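Notes follow the structure.
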Amino acid sequence: MNAEDPRPGRLVLLTTTHRVAPGLLSWPAWNELHQADSVLCADPDHPQLPYLRDAGVTVDTAAPTAEELVDACAGGRTVVVVATGEGEPRLTDGLARLAGSGRVQMPDLELLPGSYDLPGARLLDLVQVMDRIRRECPWSSQQTHRGLAKYGIEEAYELVEAIEDGDRTELREELGDVLLQVVFHARIAEEHEDEPFSVDDVAGTIVSKLIHRHPHVFGDDTAETPDDVKAHWLRTKAEEKQRASVTDGVPLGQPGLALAAKLASRTRTAGLDVALPAGEGVGYELLALAVRAEAAGTDPEAALRAAARAYRDAIRAAEGQA
């Protein structure tokens, strides 16, 4: 330590996120970088370095030990370490050991985030991981939209089950599985020869749709009740789609009760008076039940699932008694 200046100095560990464009640092970070006596970085390819040097900050490529850094701060000096992507665990562990020994006068230690993840930033990680899997995984690289379709259906049902169970951990996981389907399909779509699109195009499309269908939020219209919002949505949707029939766009591949309820909802919303088709058998009976449930504000598919789950519990109880 410098005998003329016994101050132990300062050691600043500057962290940044790869999810924000390099060079976009906070003002405290730039201030520390410009005023530091020394700026060090162990990674010569760190994405921040070109921008720091362009800003006139001298950065030395070095990976000193904890002891060497303590010595470098002696005499009241400030040393900034630009952390690598791993966060410098070897260095921080070494500093912790030195501080715990009680034999070394430690500099003031400061962790300074130079940039922060924005909401949704981890989605960038998902896109990058999916891109690599698509390129390098023998199974994923061969998948098509049609081949993945069944997984989308399965994941949607598992999400509904997690919601009905009220399991927050399962809900978070199943939402991730559904999100994976979106990103996977978007990654496949990038490879189309004639009409490629990316996950950014997918996000841009839904953003535009949401803004257009919420003029009471992003425009001058007003909506005081949920019914007002629904009316806005149906009106703008009708203008966009310009469908010839209220049944256009209703997926016929969905479960039967849900399909019947959806058709009934479209008919009721349009103000049409359509008699139920006459016929014999359980199918027509279920159709009438589904229409009646929809009119009463009950989701017949969810109601049947709830009853089926109660039936499952009864079966298990009977098995336990046997």
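The values are calculated or read from the model by the stated rules, or taken from the named source; none is laboratory data. Here the structure is a predicted model, which is why all the values come from computation and not from measurement. All Cβ positions, glycine included, derive from the backbone under ideal geometry; neighbour counts span all protein chains shown. To get the accessible areas, we keep the full protein, side chains included, count just its heavy atoms, and leave off ligands, DNA and RNA. Shrake-Rupley method; radii C 1.70, N 1.55, O 1.52, S 1.80 Å.
Can you list residue pairs whose Cβ atoms sit under 8 Å apart, with the first residue in the range 294-307 being surrounded by 12 or more Cβ atoms within 10 Å (Cβ to Cβ) and the second being of a type outside the set (D, E, K, R) and not in a helix (DSSP H, G or I)? Count only pairs 6 or more apart in sequence or on different chains.
301/255
Restricting the first residue to the range 132-144 and requiring it to be under 22 Å from residue 193 (Cβ atoms) and part of a helix (DSSP H, G or I), which pairs with a second residue that is open to solvent by less than 60 Å² (accessible area, probe 1.4 Å) and small (Gly, Ala, Ser) meet a Cβ separation below 7 Å and a spacing of at least six or different chains?
133/140; 134/140; 134/141; 135/141
Tell me which residues, restricted to the range 11-42, are open to solvent by 40 Å² or more (accessible area, probe 1.4 Å) and more than 14 Å from residue 87 (Cβ to Cβ).
19, 21, 22, 24, 27, 28, 30, 31, 34, 35, 37
Of everything in the range 228-254, what is polar (S, T, N, Q), open to solvent by less than 60 Å² (accessible area, probe 1.4 Å) and farther than 18 Å from residue 267 by Cβ? Give them in sequence order. Step through it out loud before you land on a result.
Looking only at the range 228-254, we keep the residues that are polar (S, T, N, Q), and these are 236, 242, 245, 247, 254.
Checking the rest, the ones that are also open to solvent by less than 60 Å² (accessible area, probe 1.4 Å) come to 236, 245, 254.
236 - this is the single residue of the range 228-254 that is polar (S, T, N, Q), open to solvent by less than 60 Å² (accessible area, probe 1.4 Å) and farther than 18 Å from residue 267 by Cβ.
Identify all residues within the range 274-295 that are of a type in the set (A, V, I, L, M, F, W, C) and closer than 14 Å to residue 260 by Cβ; write none if there are none. Write out each step before concluding.
So the first thing to find is which residues in the range 274-295 are of a type in the set (A, V, I, L, M, F, W, C), and the list is 274-276, 278, 282, 286-291, 293, 295.
Hits for the range 274-295 are 274, 276, 282, 286, 287, 288, 289, 290, 291, 293, 295.
In the list 209, 262, which residue meets the criterion of being of a type outside the set (A, V, I, L, M) and either open to solvent by 80 Å² or more (accessible area, probe 1.4 Å) or more than 27 Å from residue 150 (Cα to Cα) (or both)?
On the way: 209 fails: either open to solvent by 80 Å² or more (accessible area, probe 1.4 Å) or more than 27 Å from residue 150 (Cα to Cα) (or both).
The conditions single out 262.
Name the pairs whose Cβ atoms lie under 6 Å apart, with the first residue in the range 257-279 and of a type in the set (Val, Ile, Thr), the second part of a loop (DSSP other than H, G, I, E, B) and at pLDDT 90 or above, and 6 or more positions between them or separate chains?
Correct list of pairs: 267/274.
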